[in-house]
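This report refers to the structure that appears directly beneath it.
The values are calculated or read from the model by the stated rules, or taken from the named source; none is laboratory data. All figures in this text were calculated on a predicted structure; none of them were measured in a lab. Every residue, glycine among them, receives a Cβ derived from its backbone with ideal geometry; neighbour counts consider all protein chains shown. Accessible surface areas use protein heavy atoms only, side chains included; no ligands, DNA or RNA. Shrake-Rupley method; radii C 1.70, N 1.55, O 1.52, S 1.80 Å.
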Amino acid sequence: RLRQVIDNLPQLVFAKDKSGKFLLANEAVANAYGTTVNELEGSNDEMFADSKEEVEKFRRDDLNVIESGESKVFPEENLTTASGEKRILETMKIPYQPVNSDSKAVLGVSHDITEKKERAKRLEEKNRRLDEFNSIVSHDLRNPLNVAKGFLDIARDSKSEKDFQKVENSLKRMENIID
């Protein structure tokens, strides 16, 4: 039953020994590597991974947890799936002692955060464009406002209808910019 539960989780669940051999892998891990759980368990990442750099990073992170004896969250691990798709994973790795064994291992659970990262990137881009727009609009409004203030001061002193008309024109220009 536990195996069935683990295999049905959408997260990638795995356990690896110090040499990097999979002691346990669920269906999500096997699907990512384009293989089966049976083929994956007992094998290393190198046999299925697309990128040597990814494998080396996984190994460093795994060994870091095994040797430190401390659980760690790795906020961004990159995985290239068997189909060539680039995914970003947030992975929690904890030290693990397999039953009836003196060797140390690591137990990991990876959550795919690719869509979350893409949404954040799109939001940052929208915010950047909004800031740029805000800067342009505030600059465009500042000029007629300064003109209107200047002519208002002159109009107060001279009480000239012509100067009040210039203030009114500057304010209309601002209104057009806003519209």
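With Phe133, Phe74 as the choices, which residue is hydrophobic (A, V, I, L, M, F, W, C), farther than 25 Å from Val29 by Cβ and either without any contact (Cβ under 8 Å) to a residue 12 or more places away in the chain or buried (at least 16 other Cβ atoms within 10 Å of the Cβ) (or both)?
Details: Phe74 fails: farther than 25 Å from Val29 by Cβ.
Going through Phe133, Phe74 in turn, the sole match is Phe133.
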Somewhere in the range 16-27, is a residue modelled with pLDDT of 95 or more, surrounded by 15 or more Cβ atoms within 10 Å (Cβ to Cβ), of a type in the set (Gly, Ala, Ser) and in contact with a Pro (Cβ under 8 Å, 6 or more places away or on another chain)?
no
Could you please give the count of residues in the range 34-45 that are under 29 Å from the mean Cα position of the chain (by Cα) and closer than 19 Å to Lys93 by Cα?
3
Of the residues in the range 81-117 that are under 12 Å from the mean Cα position of the chain (by Cα) and basic (Lys, Arg), the one that is surrounded by the fewest Cβ atoms within 10 Å (Cβ to Cβ) is Lys116
Taking the range 35-71 and keeping only residues that are of a type outside the set (D, E, K, R), open to solvent by 60 Å² or more (accessible area, probe 1.4 Å) and within 22 Å of Ile6 (Cα to Cα), one is left with Thr36, Asn38, Ser71
